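**Q** Quick one: structure below, then a few questions.
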Amino acid sequence: MNGHGKSEAAAPASGVVSGLHAFRLASRGARPGGTVVEAGGVRIGAGQAVVMAGPCSVESREQILQAARAVKAAGADMLRGGAYKPRTSPYDFQGLGEQALAWLADAKRATGLPVVTEVVSPEDVDLVGGYADLLQVGARNMQNYALLKKLAAAPWPVLLKRGPSATIQEWLLAAEYLLTGGNPNVVLCERGIRTFEIALRNTLDLAGVAFVKELTHLPVIVDPSHGTGRRSLVAPASRAALVIGADGLLIEVHPSPEEALSDGAQSLDFAGFSALMAGLRPTTLAASA
Ligand code: PEP
Ligand code: MN
């Protein structure tokens with residue numbers, strides 16, 4: 001008992017379900033068969049899990065090229081790398097901006113991997129869109145309505161991360177801003193939420209992923225790196241995410257995690273990422289059996 005005087009069984013009937021009309025474009029009923037979002041030739045939500053991998057931050061041309069080659073060799077479908085970093089502390093590494101975008105483009109040319117990267121402000125949308133195949137809205141910006149409205153009118157697909165303290169309803173309403181503003185190409189990303197539990201960086205809401213898949217037709221992927229904050233948990237959380245129905249994964253991989261300028265503790269090295277990918281194959285088969 002939690003002392004709130006509500007049974008657990010009553011929980012699903014609360015806000016989300018009674019407010020279904022509130023996200024009518026995102027709701028499963030609007031497209032019962034589900035939506036496939038195409039980003040740089042990769043189809044997300046088409047039944048095959050999509051893996052996006054690369055460093056938290058782009059740190060140098062060599063670093064992103066090495067990472068791109070390694071994740072491609074291990075079987076990743078897309079390259080991630082942050083050029084604009086929303087950091088909790090203003091004293092932390094803030095990203096290399098347009099220079100990093102240019103290096104991501106080099107890495108894309110070298111490997112053929114489409115690029116997913118974050119955009120943090122409406123003024124940067126056109127610039128980032130010129131380099132990226134999928135534009136990430138970071139967790140801290142999920143309710144940045146100026147950014148959402150700008151992306152709603154933009155031609156690029158959007159990866160919308162769940163805010164660290166956002167309810168499922170708030171997350172789907174943020175997606176609704178994109179859809180109602182004219183952008184149908186939205187992928188949701190669960191990246192862990194803030195709860196009373198502080199042993200891990202975040203609490204990865206995998207049941208929420210399964211529930212969101214019931215509530216919406218949009219593809220939903222999982223970020224087990226931010227979702228756990230610990231390298232050792234990234235592979236098991238990835239397997240669990242696919243078994244529960246996620247359409248893909250977003251995973252941080254760094255050539256030398258101990259030296260990473262951001263999120264080293266949750267980043268895999270190349271060997272770790274290859275092992276993770278090898279371990280996913282039976283999971284994907286099992287999940288689709
Ligand atoms: C990231 O992807 O590196 C990132 C900053 O993610 P989030 O917005 O989920 O914290
Ligand atoms: Mn990160």
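The values are calculated or read from the model by the stated rules, or taken from the named source; none is laboratory data. The structure presented is a predicted model; accordingly, all values stated were derived computationally and were not measured. Cβ coordinates were reconstructed from backbone atoms using ideal geometry, including for glycine residues, and neighbour counts include every protein chain displayed. In case anyone asks, the SASA skips ligands and DNA or RNA and just uses the protein heavy atoms, side chains included. Shrake-Rupley method; radii C 1.70, N 1.55, O 1.52, S 1.80 Å.
**Q** Taking segment 213-225 on its own, how many of its residues are within 16 Å of ligand 1 (Cβ to nearest atom) and touching a helix residue (DSSP H, G or I) at 6+ places or on another chain (Cβ under 7 Å)?
**A** Within segment 213-225, residues that are within 16 Å of ligand 1 (Cβ to nearest atom) and touching a helix residue (DSSP H, G or I) at 6+ places or on another chain (Cβ under 7 Å) number 4.
**Q** Could you tell me how many of the residues in segment 210-226 are in contact with a strand residue (DSSP E or B) (Cβ under 7 Å, 6 or more places away or on another chain), within 16 Å of ligand 2 (Cβ to nearest atom) and not polar (S, T, N, Q)?
**A** The total comes to 4.
**Q** Could you tell me whether THR284 is away from ligand 1 (no atom under 16 Å from the Cβ), of a type in the set (S, T, N, Q) and crowded, with 24+ Cβ neighbours inside 10 Å?
**A** Numbers: away from ligand 1 (no atom under 16 Å from the Cβ): yes; of a type in the set (S, T, N, Q): yes; crowded, with 24+ Cβ neighbours inside 10 Å: no.
No; evaluated as a whole, the condition is false for this residue.
**Q** Looking only at segment 121-139, decide whether some residue is on the phi > 0 side of the Ramachandran plot and open to solvent by 20 Å² or more (accessible area, probe 1.4 Å). Walk me through how you get there before you give the answer.
**A** Here is the first cut: in segment 121-139, the residues on the phi > 0 side of the Ramachandran plot are none.
Looking through segment 121-139, none of the residues is on the phi > 0 side of the Ramachandran plot and open to solvent by 20 Å² or more (accessible area, probe 1.4 Å).
**Q** Just to be sure before I move on: is GLY264 surrounded by fewer than 23 Cβ atoms within 10 Å (Cβ to Cβ) and in contact with a Cys (Cβ under 9 Å, 6 or more places away or on another chain) in the structure I sent?
**A** yes
**Q** When you look at LEU200, is it within 15 Å of ligand 1 (Cβ to nearest atom) and over 17 Å from the mean Cα position of the chain (by Cα), yes or no? Break it down into steps so the answer makes sense when it comes.
**A** On the way: within 15 Å of ligand 1 (Cβ to nearest atom): yes; over 17 Å from the mean Cα position of the chain (by Cα): yes.
For LEU200, the condition - within 15 Å of ligand 1 (Cβ to nearest atom) and over 17 Å from the mean Cα position of the chain (by Cα) - is met.
**Q** Among the residues in segment 115-123, are any assigned to a loop (DSSP other than H, G, I, E, B) and in contact (Cβ under 8 Å) with a residue 40 or more places away in the chain?
**A** Initially, segment 115-123 is screened for residues assigned to a loop (DSSP other than H, G, I, E, B), giving 119-121.
Restricting the remaining residues to those that are in contact (Cβ under 8 Å) with a residue 40 or more places away in the chain gives none.
No, because not a single residue in segment 115-123 is assigned to a loop (DSSP other than H, G, I, E, B) and in contact (Cβ under 8 Å) with a residue 40 or more places away in the chain.
**Q** Follow-up. Quick one: is ALA30 away from ligand 1 (no atom under 13 Å from the Cβ), under 28 Å from ILE168 (Cβ atoms), touching a residue at least 40 places away in the same chain (Cβ under 8 Å) and out of contact with any Asp or Glu (no Cβ under 9 Å at 6 or more places or on another chain)?
**A** Values: away from ligand 1 (no atom under 13 Å from the Cβ): yes; under 28 Å from ILE168 (Cβ atoms): yes; touching a residue at least 40 places away in the same chain (Cβ under 8 Å): yes; out of contact with any Asp or Glu (no Cβ under 9 Å at 6 or more places or on another chain): yes.
In short, yes.
**Q** Right, here's the next one. Considering only segment 203-215, I want to know if a residue exists there that is under 18 Å from GLY75 (Cβ atoms), open to solvent by less than 10 Å² (accessible area, probe 1.4 Å) and over 12 Å from the mean Cα position of the chain (by Cα). Before the answer, list the steps.
**A** Initial filter on segment 203-215 (under 18 Å from GLY75 (Cβ atoms)): none.
The answer is no; no qualifying residue exists.
**Q** Counting only residues that are away from ligand 1 (no atom under 16 Å from the Cβ) and within 16 Å of ILE251 (Cβ to Cβ), how many does segment 45-63 have? If you could, list the steps in order and put the result at the bottom.
**A** Step one: list which residues in segment 45-63 are away from ligand 1 (no atom under 16 Å from the Cβ), which gives 45-49, 60-62.
Checking the rest, the ones that are also within 16 Å of ILE251 (Cβ to Cβ) come to 49.
Result for segment 45-63: 1.
**Q** Next up: If only one of ALA174, ALA154, ALA107 is among the small types (Gly, Ala, Ser), crowded, with 22+ Cβ neighbours inside 10 Å, touching a helix residue (DSSP H, G or I) at 6+ places or on another chain (Cβ under 7 Å) and closer than 23 Å to THR35 by Cα, which one is it? Let's see the steps before the verdict.
**A** On the way: ALA154 fails: crowded, with 22+ Cβ neighbours inside 10 Å; ALA107 fails: closer than 23 Å to THR35 by Cα.
None of the others qualify; the one that does is ALA174.
Conditions tested, residue by residue: (1) within 16 Å of ligand 2 (Cβ to nearest atom); (2) over 30 Å from PRO155 (Cβ atoms); (3) open to solvent by less than 30 Å² (accessible area, probe 1.4 Å).
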site	(1), (2), (3)
ASN185	no, no, no
THR195	no, yes, no
GLY229	yes, yes, yes
ALA237	yes, yes, yes
ILE244	no, yes, no
GLU252	yes, no, yes
PRO255	yes, yes, no
ALA278	no, yes, no
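**Q** Can you spot a residue in segment 72-92 that is more than 29 Å from LEU178 (Cα to Cα), surrounded by fewer than 23 Cβ atoms within 10 Å (Cβ to Cβ) and within 13 Å of ligand 2 (Cβ to nearest atom)?
**A** yes
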